[in-house]
1. Given the residues Glu120, Glu87, which is the only one that is among the acidic types (Asp, Glu) and either modelled with pLDDT of 75 or more or outside any loop (DSSP other than H, G, I, E, B) (or both)?
2. What residue, among those in segment 182-191 that are part of a loop (DSSP other than H, G, I, E, B) and at pLDDT 80 or above, is farthest from the chain's Cα centre (by Cα)?
3. Which members of segment 1-32 meet the condition of being surrounded by 10 or more Cβ atoms within 10 Å (Cβ to Cβ) and not in a helix (DSSP H, G or I)?
4. Under 28 Å from Glu83 (Cβ atoms), at pLDDT below 70, outside the structural domain of Leu82 (by TED's automatic domain parsing) and of a type outside the set (Ser, Thr, Tyr): which single residue out of Ala161, Ala156, Ala111 fits that description?
5. With the structure loaded, tell me whether Leu42 is modelled with pLDDT of 85 or more, over 21 Å from the mean Cα position of the chain (by Cα) and surrounded by 10 or more Cβ atoms within 10 Å (Cβ to Cβ) or whether it fails that test.
6. Only one of (1) part of a helix (DSSP H, G or I); (2) surrounded by 10 or more Cβ atoms within 10 Å (Cβ to Cβ); (3) modelled with pLDDT under 85; (4) not acidic (Asp, Glu) is not met by Met35, so which one is it?
7. Which residue pairs have Cβ atoms under 6 Å apart, sit 6 or more places apart or on different chains, and have a first residue in segment 15-33 that is on the phi < 0 side of the Ramachandran plot and a second that is surrounded by 10 or more Cβ atoms within 10 Å (Cβ to Cβ) and in a helix (DSSP H, G or I)?
Amino acid sequence: MTPRALAWRTITASPARAVLAVAGVAIIGALLFDMLLLSRGLLLSFRDLLESAGYDVRVVASESFPVVRLPVPRASALAAQLEGLPEVQEVAVVRTDRANVTLDTSIPDQAFSPDRTQEEPTTGQRSSQDVTLVSVSSAAERRAWQVVRGRGLAEAASGLARPPLLVSRRLAKDLDLSPGSTVMVRVVLAG
């Protein structure tokens with residue numbers, strides 16, 4: 001008996017099984033093709049993301065997961081050396097830390113002025129939230145985020161006694177912040 005005759009005999013003996021087998025092979029083929037298209041799209045999307053962020057090379061201390069990534073020793077000196085290379089257009093230093101942001105409604109804006117000499121007791125209502133504090137060098141500011149209300153860090157820093165702070169929309173909503181609001185930031189040291 002030839003292979004073709006054997007296949008025909010099997011198909012005619014149980015047509016439901018044959019239809020299910022052909023459908024299964026077709027579905028598997030379609031899924032494989034879909035996964036190929038998905039992986040290609042993912043690569044293109046990731047490339048667009050990296051190009052929009054402007055990073056060609058990232059220097060990190062280890063290849064671990066970003067949450068537990070170690071700090072780069074002497075990062076400022078390394079950034080200065082990299083910036084001195086003729087092939088490098090721009091270097092940005094990004095540092096992340098855990099912090100707690102507290103809004104105290106009883107503290108007036110003058111309470112944080114450099115002229116203030118003594119602590120005054122406050123009795124206002126406090127709102128607090130744990131956040132990730134992202135500190136960037138001036139080269140990274142224009143690529144790290146988009147300011148939707150208020151001013152950027154470089155614009156806001158000139159002539160202010162308090163350092164400026166950019167917050168996410170979610171944090172601004174949660175703490176009812178607006179441009180010019182005063183908050184206390186307490187960095188949580190690891191260890």
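The values are calculated or read from the model by the stated rules, or taken from the named source; none is laboratory data. No experiment lies behind these values; they were computed from the predicted model shown. Positions of Cβ are generated from backbone atoms using ideal geometry, with glycine treated the same way; all protein chains shown enter the neighbour counts.
1. Working: Glu120 fails: either modelled with pLDDT of 75 or more or outside any loop (DSSP other than H, G, I, E, B) (or both).
Just one listed residue meets the conditions, Glu87.
2. Keep residues of segment 182-191 that are part of a loop (DSSP other than H, G, I, E, B), which gives 182-183, 189-191.
Checking the rest, the ones that are also at pLDDT 80 or above come to 182-183.
On the way: Thr182: 25, Val183: 23 Å.
Filtering first and then ranking leaves Thr182.
3. Ser14
4. Details: Ala161 fails: under 28 Å from Glu83 (Cβ atoms); Ala111 fails: under 28 Å from Glu83 (Cβ atoms).
Step by step, each of Ala161, Ala156, Ala111 is checked, and only Ala156 is under 28 Å from Glu83 (Cβ atoms), at pLDDT below 70, outside the structural domain of Leu82 (by TED's automatic domain parsing) and of a type outside the set (Ser, Thr, Tyr).
5. Numbers: modelled with pLDDT of 85 or more: yes; over 21 Å from the mean Cα position of the chain (by Cα): no; surrounded by 10 or more Cβ atoms within 10 Å (Cβ to Cβ): yes.
When the stated conditions are applied, Leu42 does not pass them.
6. Of everything listed in (1) part of a helix (DSSP H, G or I); (2) surrounded by 10 or more Cβ atoms within 10 Å (Cβ to Cβ); (3) modelled with pLDDT under 85; (4) not acidic (Asp, Glu), Met35 misses just condition (3).
7. Taking only residues 6 or more apart or on different chains, the pairs are Ala18/Ile11.
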